[in-house]
Amino acid sequence: MDLNKKILQLKKEKKAVILAHNYQRPEIQDIADYTGDSIELSRKASQEKDAELIVFSAVDFMAESAAILNPAKKVLLPSLGARCPMAQMLTVDEILRAKKQHPKAPVVLYVNTLAVCKAEADVCCTSANAVEVVKSLDADTVLFGPDKNLAEYVSEKTGKKLIPIPGNGFCPTHLLFQPEDVKVLKMQHPNAAVMVHPECSNEMRKTADFIGSTSRMCKYAKESNARKFIVGTEEGLLHRLRKENPEKKFVIAYEGGVCPNMKLTTLDRLYVALRDEKYIVKVPEKTAAKARKALERMFEVKA
Ligand code: 13P
Ligand code: SF4
(Lines give C-alpha, C1' and ligand atoms only; values in the text may rest on other atoms or scores of the structure.)
(Ligands and ions follow the chains in the order given, each with its own letter.)
Protein backbone atom coordinates (compact mmCIF):
# COMPACT_ATOMS: atom_id res chain seq x y z
CA MET A 1 0.00 0.00 0.00
CA ASP A 2 1.43 3.42 -0.81
CA LEU A 3 2.12 5.94 1.93
CA ASN A 4 -0.81 8.19 1.05
CA LYS A 5 -3.24 5.31 1.42
CA LYS A 6 -1.63 4.23 4.71
CA ILE A 7 -1.92 7.77 6.08
CA LEU A 8 -5.57 8.04 5.03
CA GLN A 9 -6.36 4.67 6.59
CA LEU A 10 -4.64 5.54 9.87
CA LYS A 11 -6.35 8.91 9.87
CA LYS A 12 -9.73 7.19 9.69
CA GLU A 13 -8.90 4.52 12.29
CA LYS A 14 -7.58 7.06 14.77
CA LYS A 15 -10.16 9.77 14.08
CA ALA A 16 -7.47 12.26 13.20
CA VAL A 17 -7.62 15.55 11.37
CA ILE A 18 -4.58 16.88 9.51
CA LEU A 19 -4.06 20.64 9.49
CA ALA A 20 -1.28 22.01 7.28
CA HIS A 21 0.19 25.47 6.98
CA ASN A 22 0.35 27.10 3.54
CA TYR A 23 4.17 26.66 3.55
CA GLN A 24 4.10 22.87 3.88
CA ARG A 25 5.44 20.61 1.13
CA PRO A 26 2.93 20.11 -1.75
CA GLU A 27 2.29 16.45 -0.86
CA ILE A 28 1.49 17.43 2.74
CA GLN A 29 -0.87 20.20 1.62
CA ASP A 30 -2.57 17.73 -0.71
CA ILE A 31 -3.23 15.10 1.94
CA ALA A 32 -4.30 17.58 4.64
CA ASP A 33 -7.95 18.04 5.59
CA TYR A 34 -7.38 21.74 5.79
CA THR A 35 -4.64 24.14 4.62
CA GLY A 36 -4.48 27.70 5.86
CA ASP A 37 -2.64 30.62 7.41
CA SER A 38 -1.89 30.79 11.12
CA ILE A 39 -5.18 32.34 12.25
CA GLU A 40 -7.28 30.00 10.14
CA LEU A 41 -5.46 26.96 11.49
CA SER A 42 -5.78 28.18 15.10
CA ARG A 43 -9.49 28.76 14.61
CA LYS A 44 -9.92 25.35 13.00
CA ALA A 45 -8.04 23.66 15.87
CA SER A 46 -10.08 25.47 18.50
CA GLN A 47 -13.38 24.49 16.86
CA GLU A 48 -12.46 20.84 16.22
CA LYS A 49 -15.06 18.61 17.88
CA ASP A 50 -15.10 15.23 16.13
CA ALA A 51 -11.43 14.36 15.79
CA GLU A 52 -9.51 12.79 18.65
CA LEU A 53 -6.11 13.63 17.21
CA ILE A 54 -5.05 16.93 15.63
CA VAL A 55 -1.96 16.44 13.48
CA PHE A 56 -0.47 19.88 13.03
CA SER A 57 1.83 19.99 10.02
CA ALA A 58 3.59 23.27 10.63
CA VAL A 59 6.03 24.64 13.23
CA ASP A 60 6.08 24.53 17.03
CA PHE A 61 4.20 27.71 17.95
CA MET A 62 1.25 26.83 15.72
CA ALA A 63 0.86 23.38 17.30
CA GLU A 64 1.23 24.95 20.73
CA SER A 65 -1.61 27.37 19.97
CA ALA A 66 -3.79 24.40 18.97
CA ALA A 67 -2.96 22.64 22.26
CA ILE A 68 -3.79 25.82 24.20
CA LEU A 69 -7.08 26.40 22.39
CA ASN A 70 -8.30 22.81 22.46
CA PRO A 71 -6.71 21.14 25.50
CA ALA A 72 -9.06 18.16 25.34
CA LYS A 73 -7.47 16.94 22.09
CA LYS A 74 -4.16 15.24 21.52
CA VAL A 75 -2.10 17.58 19.30
CA LEU A 76 0.80 16.10 17.33
CA LEU A 77 3.71 17.90 15.65
CA PRO A 78 5.15 15.38 13.15
CA SER A 79 8.66 16.88 13.22
CA LEU A 80 10.09 17.61 16.63
CA GLY A 81 12.71 20.05 15.30
CA ALA A 82 10.20 22.18 13.36
CA ARG A 83 10.72 25.39 15.31
CA CYS A 84 10.17 28.92 14.06
CA PRO A 85 13.45 30.80 14.67
CA MET A 86 11.61 34.10 15.01
CA ALA A 87 9.49 32.70 17.85
CA GLN A 88 12.73 31.81 19.66
CA MET A 89 13.94 35.43 19.48
CA LEU A 90 11.67 36.69 22.26
CA THR A 91 12.08 35.71 25.91
CA VAL A 92 9.81 36.23 28.91
CA ASP A 93 12.55 38.31 30.59
CA GLU A 94 12.59 40.67 27.65
CA ILE A 95 8.82 41.18 27.87
CA LEU A 96 8.96 41.79 31.62
CA ARG A 97 11.78 44.30 31.17
CA ALA A 98 9.84 46.18 28.49
CA LYS A 99 6.69 46.16 30.66
CA LYS A 100 8.66 47.72 33.51
CA GLN A 101 9.93 50.48 31.21
CA HIS A 102 6.51 51.14 29.65
CA PRO A 103 3.97 50.14 32.31
CA LYS A 104 1.02 51.73 30.50
CA ALA A 105 1.69 50.16 27.09
CA PRO A 106 -0.31 47.02 26.28
CA VAL A 107 1.64 44.01 25.03
CA VAL A 108 0.64 42.67 21.60
CA LEU A 109 2.39 39.47 20.57
CA TYR A 110 2.48 37.96 17.13
CA VAL A 111 1.37 34.31 17.31
CA ASN A 112 4.92 33.45 16.23
CA THR A 113 5.94 33.28 19.91
CA LEU A 114 6.25 30.53 22.49
CA ALA A 115 3.35 29.81 24.87
CA VAL A 116 5.28 31.15 27.88
CA CYS A 117 5.55 34.51 26.11
CA LYS A 118 1.90 34.54 25.03
CA ALA A 119 1.06 34.11 28.71
CA GLU A 120 2.55 37.59 29.28
CA ALA A 121 0.61 39.24 26.44
CA ASP A 122 -2.58 41.28 26.61
CA VAL A 123 -3.57 40.11 23.15
CA CYS A 124 -2.11 38.11 20.28
CA CYS A 125 -2.26 38.85 16.57
CA THR A 126 -1.35 37.28 13.25
CA SER A 127 -0.30 38.98 10.04
CA ALA A 128 -3.97 38.77 8.94
CA ASN A 129 -5.30 40.89 11.82
CA ALA A 130 -2.34 42.78 13.38
CA VAL A 131 -3.54 46.18 12.14
CA GLU A 132 -7.08 45.66 13.47
CA VAL A 133 -5.83 44.27 16.81
CA VAL A 134 -3.59 47.31 17.41
CA LYS A 135 -6.36 49.69 16.26
CA SER A 136 -8.76 48.08 18.76
CA LEU A 137 -6.56 49.06 21.72
CA ASP A 138 -7.19 52.21 23.69
CA ALA A 139 -3.49 53.15 23.67
CA ASP A 140 -1.19 55.09 21.35
CA THR A 141 1.96 53.29 22.46
CA VAL A 142 2.11 49.53 22.22
CA LEU A 143 4.78 46.94 22.99
CA PHE A 144 4.93 44.62 20.00
CA GLY A 145 6.99 41.49 19.37
CA PRO A 146 8.84 39.68 18.04
CA ASP A 147 8.72 40.78 14.39
CA LYS A 148 10.18 44.25 13.88
CA ASN A 149 9.03 44.40 10.25
CA LEU A 150 5.43 43.61 11.16
CA ALA A 151 5.66 46.21 13.94
CA GLU A 152 6.86 48.80 11.42
CA TYR A 153 4.08 47.90 8.99
CA VAL A 154 1.36 48.09 11.67
CA SER A 155 2.72 51.42 12.89
CA GLU A 156 2.51 52.82 9.33
CA LYS A 157 -1.10 51.61 9.04
CA THR A 158 -2.34 52.73 12.47
CA GLY A 159 -0.22 55.83 13.19
CA LYS A 160 0.51 54.38 16.64
CA LYS A 161 3.93 54.02 18.23
CA LEU A 162 4.97 50.37 18.32
CA ILE A 163 7.96 49.56 20.48
CA PRO A 164 9.54 46.37 19.13
CA ILE A 165 10.46 43.64 21.61
CA PRO A 166 13.17 42.46 21.14
CA GLY A 167 14.78 45.38 19.30
CA ASN A 168 15.40 43.39 16.13
CA GLY A 169 13.24 40.28 15.82
CA PHE A 170 12.90 39.01 12.26
CA CYS A 171 12.05 36.04 10.07
CA PRO A 172 15.23 34.65 8.49
CA THR A 173 13.27 33.43 5.46
CA HIS A 174 11.46 36.68 4.67
CA LEU A 175 14.72 38.59 5.19
CA LEU A 176 16.01 36.88 2.02
CA PHE A 177 13.55 38.70 -0.23
CA GLN A 178 15.14 41.79 -1.81
CA PRO A 179 13.57 44.57 -3.91
CA GLU A 180 16.36 44.24 -6.54
CA ASP A 181 15.01 40.80 -7.45
CA VAL A 182 11.50 42.17 -7.85
CA LYS A 183 12.83 44.92 -10.16
CA VAL A 184 14.45 42.33 -12.45
CA LEU A 185 11.32 40.15 -12.43
CA LYS A 186 9.17 43.18 -13.23
CA MET A 187 11.30 43.74 -16.36
CA GLN A 188 10.44 40.19 -17.45
CA HIS A 189 6.78 40.32 -16.33
CA PRO A 190 5.78 44.00 -16.55
CA ASN A 191 2.08 43.38 -15.90
CA ALA A 192 2.55 41.11 -12.91
CA ALA A 193 1.04 42.13 -9.57
CA VAL A 194 3.43 41.94 -6.61
CA MET A 195 2.22 40.30 -3.37
CA VAL A 196 4.38 40.53 -0.26
CA HIS A 197 4.14 39.17 3.29
CA PRO A 198 4.37 41.85 6.03
CA GLU A 199 7.34 39.99 7.55
CA CYS A 200 9.40 41.30 4.59
CA SER A 201 11.53 44.44 4.92
CA ASN A 202 10.14 47.92 4.43
CA GLU A 203 12.03 48.18 1.09
CA MET A 204 10.45 44.95 -0.08
CA ARG A 205 6.99 46.03 1.09
CA LYS A 206 7.36 49.19 -1.00
CA THR A 207 7.44 47.05 -4.17
CA ALA A 208 4.07 45.48 -3.35
CA ASP A 209 0.64 45.93 -4.89
CA PHE A 210 -0.72 43.85 -2.03
CA ILE A 211 0.57 43.12 1.47
CA GLY A 212 -1.02 40.39 3.56
CA SER A 213 -0.96 37.03 5.29
CA THR A 214 -0.55 33.87 3.23
CA SER A 215 -4.30 33.18 2.96
CA ARG A 216 -5.03 36.84 2.23
CA MET A 217 -2.64 36.54 -0.71
CA CYS A 218 -4.65 33.55 -1.95
CA LYS A 219 -7.82 35.62 -1.78
CA TYR A 220 -6.18 38.57 -3.52
CA ALA A 221 -4.83 36.33 -6.32
CA LYS A 222 -8.30 34.84 -6.88
CA GLU A 223 -10.08 38.19 -6.97
CA SER A 224 -7.47 40.25 -8.85
CA ASN A 225 -7.73 40.87 -12.60
CA ALA A 226 -3.98 40.33 -12.93
CA ARG A 227 -2.90 37.18 -14.78
CA LYS A 228 0.62 37.06 -13.33
CA PHE A 229 1.91 37.47 -9.79
CA ILE A 230 5.33 37.93 -8.23
CA VAL A 231 5.13 36.38 -4.78
CA GLY A 232 7.23 37.65 -1.86
CA THR A 233 6.76 34.87 0.65
CA GLU A 234 7.82 31.30 1.38
CA GLU A 235 7.73 29.13 -1.74
CA GLY A 236 5.23 26.60 -0.32
CA LEU A 237 2.42 29.07 -0.92
CA LEU A 238 2.92 28.84 -4.68
CA HIS A 239 1.58 25.28 -4.69
CA ARG A 240 -1.76 26.42 -3.29
CA LEU A 241 -1.84 29.53 -5.50
CA ARG A 242 -1.28 27.43 -8.64
CA LYS A 243 -3.77 24.79 -7.60
CA GLU A 244 -6.50 27.34 -6.92
CA ASN A 245 -5.76 29.47 -10.00
CA PRO A 246 -4.63 27.13 -12.81
CA GLU A 247 -5.16 29.83 -15.42
CA LYS A 248 -2.84 32.33 -13.68
CA LYS A 249 0.95 32.42 -13.44
CA PHE A 250 2.93 32.71 -10.18
CA VAL A 251 6.62 33.48 -9.89
CA ILE A 252 8.49 33.50 -6.57
CA ALA A 253 10.27 36.80 -5.88
CA TYR A 254 13.41 34.90 -4.83
CA GLU A 255 14.10 31.21 -5.51
CA GLY A 256 15.84 30.75 -2.16
CA GLY A 257 12.78 31.87 -0.17
CA VAL A 258 12.38 28.62 1.75
CA CYS A 259 11.62 28.10 5.44
CA PRO A 260 13.69 25.00 6.31
CA ASN A 261 11.63 24.35 9.43
CA MET A 262 8.36 24.25 7.52
CA LYS A 263 9.93 21.72 5.17
CA LEU A 264 10.97 19.28 7.92
CA THR A 265 7.63 17.51 7.74
CA THR A 266 7.61 14.82 5.07
CA LEU A 267 4.96 12.22 4.22
CA ASP A 268 7.14 9.59 6.00
CA ARG A 269 7.18 11.65 9.18
CA LEU A 270 3.48 12.36 8.94
CA TYR A 271 2.84 8.62 8.67
CA VAL A 272 5.07 7.80 11.66
CA ALA A 273 3.51 10.60 13.71
CA LEU A 274 0.05 9.17 13.11
CA ARG A 275 1.14 5.56 13.67
CA ASP A 276 3.06 6.20 16.91
CA GLU A 277 1.05 9.24 18.03
CA LYS A 278 4.06 11.48 18.38
CA TYR A 279 5.22 14.13 19.08
CA ILE A 280 2.60 15.22 21.57
CA VAL A 281 2.49 18.98 22.13
CA LYS A 282 1.23 19.93 25.57
CA VAL A 283 1.28 23.24 27.38
CA PRO A 284 1.08 23.25 31.20
CA GLU A 285 -2.39 24.50 32.18
CA LYS A 286 -1.04 27.41 34.25
CA THR A 287 0.68 28.85 31.18
CA ALA A 288 -2.07 27.75 28.79
CA ALA A 289 -4.81 29.53 30.76
CA LYS A 290 -3.03 32.88 30.47
CA ALA A 291 -2.00 32.37 26.84
CA ARG A 292 -5.56 31.29 25.96
CA LYS A 293 -6.89 34.64 27.16
CA ALA A 294 -4.51 36.51 24.83
CA LEU A 295 -5.48 34.27 21.89
CA GLU A 296 -9.21 34.50 22.61
CA ARG A 297 -8.99 38.26 22.86
CA MET A 298 -7.49 38.22 19.36
CA PHE A 299 -10.46 36.22 18.04
CA GLU A 300 -12.82 38.88 19.41
CA VAL A 301 -11.31 41.53 17.10
CA LYS A 302 -13.10 41.81 13.77
CA ALA A 303 -10.65 41.75 10.86
P1 13P B 1 0.65 33.48 7.96
O2 13P B 1 -0.18 33.68 9.19
O3 13P B 1 0.56 34.61 6.98
O4 13P B 1 0.34 32.18 7.30
O5 13P B 1 2.18 33.50 8.38
C6 13P B 1 2.77 32.63 9.27
C7 13P B 1 4.22 32.67 9.15
O8 13P B 1 4.92 32.00 9.84
C9 13P B 1 4.78 33.57 8.18
O10 13P B 1 6.13 33.39 8.06
FE1 SF4 C 1 9.00 31.37 11.27
FE2 SF4 C 1 9.70 32.71 9.09
FE3 SF4 C 1 9.39 30.09 8.95
FE4 SF4 C 1 7.27 31.70 9.25
S5 SF4 C 1 8.65 31.57 7.48
S6 SF4 C 1 7.67 29.81 10.36
S7 SF4 C 1 8.15 33.29 10.57
S8 SF4 C 1 10.93 31.21 10.13
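For Ile230, the shell of other residues with beta-carbons less than 11 Å away shows a net charge of +2, using +1 for Lys and Arg and -1 for Asp and Glu.
Enter the accessible area per residue of region 52-135 (Å², integer; probe 1.4 Å; all protein chains in place).
Heavy-atom SASA per residue in region 52-135 reads 33 Å².
Quote the relative contact order of the chain in percent (integer), defining contacts as alpha-carbon pairs under 8 Å separated by 6+ residues. Each step should come with its number before you reach the end.
Details: 609 pairs, mean separation 70.3, N = 303.
Relative contact order comes out at 23 percent.
Can you give the net charge of the other residues whose Cβ lies under 13 Å from the Cβ of Gly167, counting K and R as +1 and D and E as -1? Before the final figure, lay out each step's value.
Values: positive: Arg97, Lys148; negative: Glu94, Asp147, Glu152.
Local net charge: -1.
Arranged from highest to lowest average of other beta-carbon atoms within 10 Å per residue, in what order do the peptides 84-94, 293-303 appear? List each step's numbers first, then the result.
Numbers: 84-94: 18.6, 293-303: 17.1.
Ranked from most to least packed, the peptides come out as 84-94, 293-303.
Amide H contacts for Val123 (H built 1.01 Å from N in the peptide plane; partners 5 or more residues away or on another chain; cut-off under 5 Å): Val107, Leu109. Of all DSSP-defined beta bridges confined to the chain, some 5% are antiparallel rather than parallel.
Just the protein heavy atoms count here, and of the accessible area of region 160-258 at 1.4 Å, carbon and sulfur take up 53 percent. For the options Lys99, Lys263, Lys243, a Gaussian network treatment of the chain with springs between C-alpha atoms closer than 10 Å singles out Lys243 as fluctuating the most.
Please report, as a whole percent, how much of the solvent-accessible surface of region 2-97 comes from carbon and sulfur atoms (probe radius 1.4 Å).
Result for region 2-97: 47 percent of the exposed heavy-atom area is carbon or sulfur.
With a cut-off of 11 Å between beta carbons, the residues surrounding His197 carry a summed charge of -2, where Lys and Arg count +1 and Asp and Glu -1.
Would you work out if the chain is rounded, prolate or oblate? Take a ≥ b ≥ c from the square roots of the eigenvalues of the alpha-carbon gyration tensor; rounded if a/c is under 1.5, else prolate when a/b is larger than b/c, oblate otherwise.
Values: a/c = 1.88, a/b = 1.04, b/c = 1.80.
Judged from the Cα gyration tensor, the chain comes out oblate (a/c at least 1.5, b/c at or above a/b).
Between the residues Ala221, Gly232, Leu176, the greatest Cα displacement towards the positive end of the dipole of region 117-254, with unit charges on the Cβ of Lys, Arg, Asp and Glu, is found for Ala221. Among Met204, Val154, Val116, pick out the residue whose Cα is farthest towards the positive end of the charge dipole of the chain, where Lys and Arg carry +1 and Asp and Glu carry -1 on C-beta, about the Cα centre. Of the listed residues, the answer is Val116.
Using helices alone, I'd like the mean residue ellipticity at 222 nm for the chain: each DSSP H run of four-plus residues gives -39500 (n - 2.57), total over residue count, nearest 500. Write down the numbers at each step before the final one.
Values: 14 runs with 126 residues, N = 303.
The helix-only estimate for the chain comes to -11500 deg cm²/dmol at 222 nm.
At 0.36 nm per residue, and after removing the present C-alpha to C-alpha distance, how many nm does the segment from Glu13 to Leu96 gain when stretched out fully?
That works out to 25.3 nm of additional length.
Charged side chains reduced to their Cβ positions (Lys and Arg at +1, Asp and Glu at -1) give region 169-230 a dipole of some 260 debye around its Cα centre. A simple charge model with +1 on the Cβ of Lys and Arg, -1 on the Cβ of Asp and Glu and nothing else charged puts the dipole of the chain at about 400 debye relative to its Cα centre.
The values are calculated or read from the model by the stated rules, or taken from the named source; none is laboratory data. This is a predicted model, so every value here is computed, not measured. For neighbour counting, all protein chains shown are included, and Cβ atoms are generated from backbone atoms with ideal geometry for every residue, glycine included. The protein model used for the area step is the full one, side chains on, heavy atoms only, and it has no ligands, DNA or RNA in it. Shrake-Rupley method; radii C 1.70, N 1.55, O 1.52, S 1.80 Å.
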